[in-house]
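Contents: one structure, followed by commentary.
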Amino acid sequence: MTQDELKRAAAEAALEHIEAGRIIGVGTGSTTRYFIDALGRSGVGIKGAVASSEATAERLREYGVPVVELNMVGEVAVYVDGADKADPQLRLIKGGGGALTREKIVAGASRRFVCIVDESKLVDNLGTGPVPVEVIPMAREYAKGVLIEMGGKPILREGVTTDNGNLILDVQGLAISDPAELEGALDHIPGVVCNGLFARRPADVLLVGTQDGVKKIDRMPT
Ligand code: 5RP
């Protein structure tokens, strides 16, 4: 199977975690697009969806799924989203699609986070990134300087403005030995809105599309 077919298989398996009548959260990216397509075709009558990006909101609407504001509902029963890397503790790096801030908000507001990936995303450890960092435009050079002091190599994602009107720095070379600690340290840089490490709110379930079928990995209690 191709990587896209593995993504689609993981996305379709996520339907088992969706109950009719619920408000769900929906992430961003190509794997999540397969999930939206499967959800739209399934006929599962969810009450509505909180979208983690404008692109996701648009695609949900195309299927007639009511898109609701998180502020109106407070929480979502399940959040379904992809990832760029996932480690055995289901800590993630996200943000390849630039939607990391809204994704982290909806993940935080979810009772259950179901992450859908193809097997190429599974890693033993999160390594050295790259970690996407969303910064407000006036902080671009300042934040870059701090990230360099921290041992990183920040590269501006050219031509990208997030749905929040901000910029993305992709930071290579950071030692991610303690993902939760680094996640907090990055968030403390003035001008940083959010970063793509999801260690403080890891996934609860990982559905991995593999050549041998979709594997389900539950997060072990710590
Ligand atoms: C978007 C994300 C995506 O979930 C992540 O980049 C994976 O994307 P894809 O499903 O296209 O491989 O975090 O901000």
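Counting GluC sites (Glu not before Pro) as exposed when in a DSSP loop with at most 11 other beta carbons within 10 Å, what is the longest stretch of the chain free of them? Longest site-free region, per DSSP loop and neighbour criteria: 70-157. For the listed residue pairs LYS121/LYS216; LYS47/LYS94; LYS7/LYS94; LYS47/LYS121; LYS47/LYS215, the alpha carbons are over 25 angstrom apart in LYS47/LYS94; LYS47/LYS121; LYS47/LYS215. Largest first, the three principal axis extents of the alpha carbons in the stretch 131-195 are 30, 18, 16 Å in whole numbers.
Backbone geometry of the stretch 161-173 corresponds, through the Karplus equation with coefficients 6.51, -1.76 and 1.60 at θ = phi - 60°, to 3J(HN,Hα) couplings of 10, 6, 4, 9, x, 10, 10, 10, 9, 8, 10, 8, x Hz, x marking Gly and Pro. When only alpha carbons of the chain are considered, Rg and Dmax amount to 16.8, 51 Å. Within the chain, DSSP assigns beta bridges of which about 55% are antiparallel (rounded to the nearest 5). As a proxy for reagent exposure, LEU90, LEU122 were ordered by neighbouring Cβ count within 10 angstrom, fewest first; the result is LEU122, LEU90. The gain in end-to-end length when the VAL160 to ILE136 segment is fully stretched comes to 7.4 nm, 0.36 nm per residue minus the alpha carbon separation. Remark: THR162, THR222, THR32, THR210 ranked as THR222, THR210, THR162, THR32, counting other beta-carbon atoms within 10 Å and listing the fewest first.
Bear in mind that the values in this text are calculations on the coordinates, not laboratory data. This one's a predicted model, so the numbers in the text were calculated from it and none came from an experiment. Quick reminder, even Gly has a Cβ in these numbers, built from the backbone with ideal geometry, and neighbours come from all protein chains shown.
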